[in-house]
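This report concerns only the one structure given below.
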């Protein structure tokens, strides 16, 4: 007999049950993580994608090997969501956040080498916010902007490179002077 979490994992493969199952797994939080981790090995790519979405919010350190294994899955949606779960810090509610030094080289490789334009576009968007902190990210984004075969990937990469609108918006601002320091000037 399947546990309630395992039933929800199976429901991720059923179009009319997928959204409700995803909501319930997200509401369960870390308590569903063991079942979700097992779902990363499911034969149905939709189940793996749903599990990556849940783990994007509620990840534990034991999940990292399974997520890493999904970076090479044949389905581009699985690869894209596995990368997102590993690289996106905004979504995390759990305690585990993979280190930037571990994830960035993987994301750069996927930006420059993945066969799917969707995965490359996702990698560009995930790398972009760190462009001012990491010269390797800036170089990779510039390479994608200038050489990627897909116009959408080039466009997204261009947003985050020097001269791009998001690059300018994310630029570190000089520290503001306090009112006392401004009054002396």
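Just so it is clear, none of the values below were taken in a lab; they were calculated from the coordinates. This structure is a prediction, so every number in the text was calculated from the model and none was measured. Here the Cβ positions follow ideal geometry from the backbone for every residue, glycine too, while neighbour counts run over all protein chains shown.
Points to keep in mind about this one:
- Measuring nothing but how far apart in sequence close Cα pairs (under 8 Å, 6+ apart) lie, relative to its length, region 100-170 scores a relative contact order of 27 percent.
- The C-alpha atoms of the chain define a longest principal axis, and helix 76-87 lies at about 60 degrees to it.
- Prolate/oblate/rounded label for region 1-98 (Cα gyration tensor, a/c 1.5): oblate
- Listed residues 163, 125, 39, most fluctuating in the chain (Gaussian network, C-alpha, under 10 Å): 163
- Kirkwood hydrodynamic radius of region 100-170, from inverse mean 1/r over distinct Cα pairs, in Å: 11.4 Å
- Simple label model, 7 Å out from Cα along Cβ direction - residue 18 to residue 43, nm: 1.9 nm
- Seen against the Cα atoms of the chain and their longest principal axis, helix 100-113 is set at about 90 degrees.
- Sorting the Cα pairs of the chain by distance into bins of 5 Å, from 0 upward, gives 1, 9, 16, 17, 16, 12, 10, 8, 5, 3, 2, 1, 1, 0, 0, 0 percent per bin.
- For the chain, built as a Gaussian network whose Cα springs stay under 10 Å, the top-fluctuating residue of 147, 84, 16: 16
- Cβ-Cβ FRET estimate between residue 4 and residue 100, R0 fixed at 30 Å, reported to 0.05: 0.25
- Helix 15-28 and the longest principal axis of the C-alpha atoms of the chain enclose an angle of approximately 70°.
- Taking 0.36 nm per residue of separation and subtracting the Cα-Cα distance, full extension of the segment from residue 171 to residue 146 would add 6.9 nm.
- Between residue 115 and residue 69, the modelled label-to-label distance comes to 2.2 nm, taking each label 7 Å out from Cα in the direction of the beta carbon.
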